[in-house]
Amino acid sequence: MWNTPIQQIESNIFVKRDDLIPYSFGGNKARKGFLFFEEIDRGNYDCVITYGSSHSNHCRVISNMAAARGMECILIGPEEVSDLTYNSRFMELFGAKIITVPVEQVHDTIENTLEQLKKDGKNPYFIPGGGHGNIGTEAYVQCYEEIREYEMKNNVHFDYIFFASGTGTTHSGLVCGQIKNGDEREIIGISIARKNPRGRNVVIESIREYMPEAPENVIQEKTIFLDDYTGDGYGKESTEISDTIKDSMVKYGIPLDSTYTAKAFFGMKKHIEKEQIKDKNILFIHTGGTPLFFDDAEKMI
Ligand SMILES: *Cc1c(COP(=O)(O)O)cnc(C)c1O
């Protein structure tokens, strides 16, 4: 249990600070990464391999955890998004081997690299991009339990939970936690890139994989994936988003980034307005990405 702080920033808005998980600038990739490495540490792996762009929080965290163990780390990324960022600087600092290929070759490159490693007598562990899979989902079932614990201790009930939804297991973990406990509330993932129906379907597949016993109608009802606030797609900016970043830093002292958390925070505000949500307690999960905030700050300030 991390029990990251939950702070009240407005009369009805609270923020759970997963960005403050005390490892490598925190975030949901740290929460997931710890669980992946629990499994890696139990096996006799000598190498970890994963996928992500030069902006990837996941690749930064995984390469940090590997470096701490003196373990080889191979990162495969798309050439199209391979510019220098704070995350990519850290991947280099951690000594990760970075292979960039055109995006359509990523899948085969992963397969071929794994095969070659095994031929060389290595025992690699593969982590899906973004920390996808049941382990990633489990990380956010645990986060959901922390939220429930906070509610009981502080005698509050969050009617809504908002967060940035990307590869889907932050979302699936929270919904699985809700289904397990039978709680009444709306858990709303704000898509940062994918559109419906695909984006929502990926979340649903992760829920089914983790909780095969969950009734289909319940899964359908509880999975709310809003794709109205993706902007131009992954990592693209707009003035609305840069204003959101500046406002949050000025008003709350909380850094947001243009790829994930600012989009989600902006989308949450818009949704509250549009649906005229009043007198409800709202929890925003800050999923991290602090190095991305500094990339944004360089352009904004
Ligand atoms: C990866 C990421 C997300 C999205 O999480 P998923 O589990 O991939 O949906 C949200 N916020 C930040 C800061 C991230 O790095």
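The combined condition, being out of contact with any strand residue (DSSP E or B) (no Cβ under 8 Å at 6 or more places or on another chain) and assigned to a loop (DSSP other than H, G, I, E, B), is fulfilled by G121. The conditions of being among the small types (G, A, S) and either within 15 Å of K222 (Cα to Cα) or away from the ligand (no atom under 14 Å from the Cβ) (or both) are met by G177. One residue is enough: does the range 131-142 have a residue meeting the conditions modelled with pLDDT under 95, surrounded by 21 or more Cβ atoms within 10 Å (Cβ to Cβ) and on the phi > 0 side of the Ramachandran plot? Yes, the conditions are met somewhere in the range 131-142. Across the range 198-233, the number of residues qualifying as at pLDDT 95 or above, polar (S, T, N, Q) and in a loop (DSSP other than H, G, I, E, B) comes to 1. Of the candidates M300, M268, the single residue that is among the hydrophobic types (A, V, I, L, M, F, W, C) and more than 16 Å from I192 (Cβ to Cβ) is M300. The strands (runs of 3 or more DSSP E) found entirely in the range 1-113 that carry 1 or more residues being in contact with a Gly (Cβ under 9 Å, 6 or more places away or on another chain) are 13-17, 47-51, 72-78, 97-101. Residues considered: S24, S56. Of these, the only one that is under 13 Å from the mean Cα position of the chain (by Cα) and either crowded, with 18+ Cβ neighbours inside 10 Å or more than 13 Å from the ligand (Cβ to nearest atom) (or both) is S56.
In this structure, is G166 under 15 Å from the mean Cα position of the chain (by Cα), within 13 Å of the ligand (Cβ to nearest atom) and without any contact (Cβ under 8 Å) to a residue 40 or more places away in the chain?
Details: under 15 Å from the mean Cα position of the chain (by Cα): yes; within 13 Å of the ligand (Cβ to nearest atom): yes; without any contact (Cβ under 8 Å) to a residue 40 or more places away in the chain: no.
No: the conditions fail for G166.
Put simply, of I187, I161 the only residue that is within 13 Å of the ligand (Cβ to nearest atom) and under 29 Å from I241 (Cα atoms) is I187.
The values are calculated or read from the model by the stated rules, or taken from the named source; none is laboratory data. Keep in mind the model is a prediction, meaning the values are calculated, not measured. Cβ coordinates were reconstructed from backbone atoms using ideal geometry, including for glycine residues, and neighbour counts include every protein chain displayed.
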